């Protein structure tokens, strides 16, 4: 029997998201760890497996099984970045690598086996290359098509770590696998439906008539049917290697002064930006890794509201050095572009739109003297109260709020937002008809409509805020504050009201526990 022209080798790194998090220092290597997406565990470290944590568990259930579990949010870009060194190592011995997903790649078996002395020898070489990078538990599968080869890798034994499906044996190999292996190409509830129909294996699904499958599951079902029959004859299409955009500077001898390090990095920063420009790219997210001569390492990720220039790169290096954390002179600096975008996405509009260049330079100069967080702006994000929605962002960083502004935020104040917000609510007072106090009832409504109000002198952040009682011209509310009721420091039953005085001034007041406070004022 002749060999299939599309014979494929697939290399699979189990639980790659956890491995990637450890390799980029987002997660410690020792304790049990899990990567979580949408509240469920999607990848586990070996220690977490040993503690009884399973993929698919909710976070609370996983932490109940393993209280010391370290939870890391999923990040596909992190997974892809960490997988890049693996791809380069594989490309060095087996050209034509195709990335199926971060942690899984395929290479044409025909070229690799011819060059390395057969399929089994090629698999052994690939295992040695990847394990040489410090990645454990790697598996290799070989079959006629990428789909079968991937599942051969996933079912390969730990020793020798390789499973080879004979030529023409894909359908027989897939027949005993659970029908869930077809889930990525079917509707989300299709595997459960197939099990209730008594079709528990891929072989049982492959035995169905194609016309029946198309009538019930459509085009996706037809593709899954072909995969289950071992008819995946796609050839592994090699990727185009990414250009080397990062820059590394080895300082010999090591330097112990920040000014010397920054001055030495000047040409490298210019070359870094020029390399991106040559690819018609700009860097909006930069990772700076600084290593001292005693193996100390400080890593910081920097964001930019537009894109990094050479001067911006040097400023970030200087701020990172000023923050400390090293135990000796600086021996090495790595500049790694984590987020790159096309230049066209950041082209200046016809009438501008970015901060004025002179303003940016002036604020950056002040920031360089006083520190990174000494100059900043405020960005509005998610939350209910005005103070909760504000996030301080150092000047030059990307204006990303601490909490997303998308709904739902039940009880959020409607626009417009107040112009002046107090750091802490100050004392105020509200009275109803006849001087009766206005208090919040158990149902979250005022006991009497507000007729008069005052803002105490202690609450005035600026001159001109009124002192003493004045009549209420209009009011709106309540917006209940029902937050953190499960914690010991819960604020209790509170509500916000908007009040307008007869002088036209508008205020945001907070009431609860028989007391009133002023939070902000409107212009």
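The values are calculated or read from the model by the stated rules, or taken from the named source; none is laboratory data. Remember, it's a predicted structure, so these values are computed and weren't measured experimentally. Ideal geometry is used to build each Cβ from the backbone, glycine not excepted, and the neighbour counts take in all protein chains shown.
Tabulated data
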item	result
Residue identified as surrounded by fewer than 16 Cβ atoms within 10 Å (Cβ to Cβ) and within 30 Å of residue 171 (Cα to Cα) among 234, 226	234
Residue in the range 399-409 that is in a loop (DSSP other than H, G, I, E, B) and crowded, with 18+ Cβ neighbours inside 10 Å present	no
Scan of the range 364-380 for residues that are within 13 Å of residue 417 (Cβ to Cβ) and surrounded by fewer than 17 Cβ atoms within 10 Å (Cβ to Cβ), ordered by number	378, 380
Among residues of the range 272-297, those that are under 16 Å from residue 334 (Cα atoms), surrounded by fewer than 17 Cβ atoms within 10 Å (Cβ to Cβ) and touching a strand residue (DSSP E or B) at 6+ places or on another chain (Cβ under 7 Å), counted	1
Leading residue by the ranking (modelled with the highest pLDDT) among those in the range 182-196 that are buried (at least 17 other Cβ atoms within 10 Å of the Cβ) and under 14 Å from residue 220 (Cα atoms)	182
Candidate set from the range 369-399 (those that are modelled with pLDDT under 75 and out of contact with any helix residue (DSSP H, G or I) (no Cβ under 6 Å at 6 or more places or on another chain)); member that is nearest to residue 309 (Cα to Cα)	396
Residues of the range 449-466 that turn out to be at pLDDT 80 or above and either in a strand (DSSP E or B) or surrounded by 15 or more Cβ atoms within 10 Å (Cβ to Cβ) (or both), as a count	6
Residues of the range 413-446 that turn out to be part of a loop (DSSP other than H, G, I, E, B) and farther than 14 Å from residue 519 by Cα, as a count	12
Unique match (being surrounded by 19 or more Cβ atoms within 10 Å (Cβ to Cβ) and either under 19 Å from residue 135 (Cβ atoms) or at pLDDT 90 or above (or both)) among 93, 97, 42	97
Any hit, the range 59-67, residues being touching a strand residue (DSSP E or B) at 6+ places or on another chain (Cβ under 6 Å) and either surrounded by fewer than 19 Cβ atoms within 10 Å (Cβ to Cβ) or without any contact (Cβ under 8 Å) to a residue 24 or more places away in the chain (or both)	yes
Qualifying residue in the range 106-119 (condition: under 25 Å from residue 202 (Cα atoms), in contact (Cβ under 8 Å) with a residue 24 or more places away in the chain and in a loop (DSSP other than H, G, I, E, B))	no
Residues satisfying the stated conditions in the range 45-58, i.e. surrounded by fewer than 19 Cβ atoms within 10 Å (Cβ to Cβ) and in contact (Cβ under 8 Å) with a residue 24 or more places away in the chain	46
Candidate set: the range 260-271, residues that are within 10 Å of residue 335 (Cβ to Cβ) and touching a helix residue (DSSP H, G or I) at 6+ places or on another chain (Cβ under 7 Å); chosen: the one surrounded by the fewest Cβ atoms within 10 Å (Cβ to Cβ)	265
Some residue of the range 355-363 being outside any helix (DSSP H, G or I) and either modelled with pLDDT of 85 or more or not assigned by TED's automatic domain parsing to the domain that holds residue 274 (or both)	yes
Boolean, residue 30 is assigned to a loop (DSSP other than H, G, I, E, B), closer than 19 Å to residue 127 by Cβ and modelled with pLDDT under 85	no
Qualifying position, being in contact with a helix residue (DSSP H, G or I) (Cβ under 6 Å, 6 or more places away or on another chain) and farther than 30 Å from residue 317 by Cβ, among 434, 426	426
Only one of 134, 141 that is within 33 Å of the chain's Cα centre (by Cα) and surrounded by 17 or more Cβ atoms within 10 Å (Cβ to Cβ)	141
Residue that is farthest from residue 288 (Cα to Cα), among those in the range 33-53 that are in contact with a helix residue (DSSP H, G or I) (Cβ under 8 Å, 6 or more places away or on another chain) and in a loop (DSSP other than H, G, I, E, B)	52
Test for residue 14: is it under 19 Å from residue 161 (Cα atoms) and assigned to a loop (DSSP other than H, G, I, E, B)	yes
Per-region count, the range 473-504, residues touching a strand residue (DSSP E or B) at 6+ places or on another chain (Cβ under 6 Å) and either part of a strand (DSSP E or B) or modelled with pLDDT under 60 (or both)	17
